[in-house]
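First the structure, in the form of structure tokens, and then the observations on it.
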Amino acid sequence: METSSKIARSLLNLIPRKVRRFFAEFLGLVEVSKRLDKLEDEMVKKNDIGELIERIKLLEEATQPLSKKRSQQRWIAAPPDGGLTWGRQVSGDDFIKKVISYNVLNPKSTLLEIGPGYGRLLRSLLEQKASFRRYTGVDISIENIEYLKETFIDSRISFLLEDFENTALEDTFDIAISSLTFKHLYPSFEKMLSTISQHLVRGGWIFFDLIEGTPRAYFEDDRITFIRHYSREEIDKILRRTDFYIVAYDQVVHDDEHTRLLVVAKKTKRMVSRKH
Ligand SMILES: C[S@@+](CC[C@H](N)C(=O)[O-])C[C@H]1O[C@@H](n2cnc3c(N)ncnc32)[C@H](O)[C@@H]1O
């Protein structure tokens with residue numbers, strides 16, 4: 001009995017009450033937090049660790065929609081400039097060179113880009129004279145979309161103002177690309193990948209970059225920029241759950257200071273039957 005009480009207390013100490021209260025205030029969840037504190041006291045008295053863990057999970061779930069909204073605030077309001085890429089405009093050349101090196105592009109290819117920002121990948125695609133039949137760029141920022149529509153005038157190219165995680169288009173695509181976007185998706189890029197999967201043909205390709213490292217997730221000091229680091233093990237699991245398989249873990253060099261893991265994957269040819 002005494003040991004389980006100690007475990008319960010050390011579990012609580014993992015997230016000190018002060019820290020939780022700070023986040024609760026920030027999220028406008030003070031009442032929820034107070035109730036949780038009271039419940040915890042009762043449960044520690046009763047040594048009910050299982051119940052305590054369940055309650056913490058419930059609180060996390062309750063705050064998810066708010067955190068999701070918060071993680072999108074910055075991007076919805078972002079203008080199409082270097083603020084999207086470490087404070088200065090960066091070339092998309094290396095990303096596009098990598099895509100071309102997998103021999104996936106041809107004059108019939110249909111391309112989907114998630115989060116084109118100020119269009120650096122598209123610019124490189126055009127400058128490198130890569131073959132494609134149709135390109136659709138989907139972004140959540142109205143300013144980005146207006147800028148992209150004015151800048152890239154080409155009958156093969158179109159743009160949509162959408163949160164792609166919650167989009168259902170009639171079109172399907174052969175290839176999806178996305179740079180510097182998946183690391184910002186809350187709570188992970190799984191929902192996005194699942195929506196992309198629904199819009200890709202069987203055997204279709206996806207190229208996206210991530211920060212590789214010991215798994216961790218946090219909001220930066222501005223409180224709206226969400227960042228998540230992934231291990232390859234985690235990425236593999238998400239790919240499998242969304243009907244993709246890994247082709248290669250490659251690298252993309254954005255500039256002298258920023259090299260990222262490039263995930264190259266394909267959608268499975270057949271529906272995978274999942275045992276529940
Ligand atoms: C860090 S910026 C990167 C821009 C661009 N891909 C680049 O590499 O320069 C992230 C981009 O993703 C867009 N974005 C974020 N969440 C999105 C979503 N759910 N659906 C569509 N676009 C999104 C943002 O508006 C922004 O343009």
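Each reported figure results from applying straightforward, stated rules to the coordinates on display, with no laboratory input. Just so it is clear, the model here is predicted, and its values are computed rather than measured. We place every Cβ from the backbone using ideal geometry, glycine too, and count neighbours over all the protein chains shown.
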*Treat the count of other C-beta atoms within 10 Å as a stand-in for reagent exposure and order Lys108, Lys267, Lys98 from fewest to most.*
Lys108, Lys98, Lys267
*Can you list, largest first and rounded to whole Å, the semi-axes you get for region 50-110 by taking the square root of 5 times each eigenvalue of its Cα gyration tensor?*
39, 20, 11
*Using amide H atoms built 1.01 Å from N in the peptide plane, name the residues 5+ places from Gln89, or on other chains, whose amide H lies under 5 Å from its own.*
Gly82
*Given the Cα-Cα distance of Arg240 and Thr259 and 0.36 nm per residue of separation, how much length would full extension add, in nm?*
4.3 nm
*Dimensions of the chain along principal axes (Cα, Å, largest first)?*
70, 42, 38
*Relative contact order (%) - criterion: Cα under 8 Å, at least six apart; region: the chain*: 15
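Going from the alpha-carbon gyration tensor of region 26-150, what semi-axes, largest first and in whole Å, does one get by taking the root of 5 times each eigenvalue?
Details: eigenvalues 440, 65, 28 Å².
Taking √(5λ) for each Cα gyration eigenvalue gives 47, 18, 12 Å.
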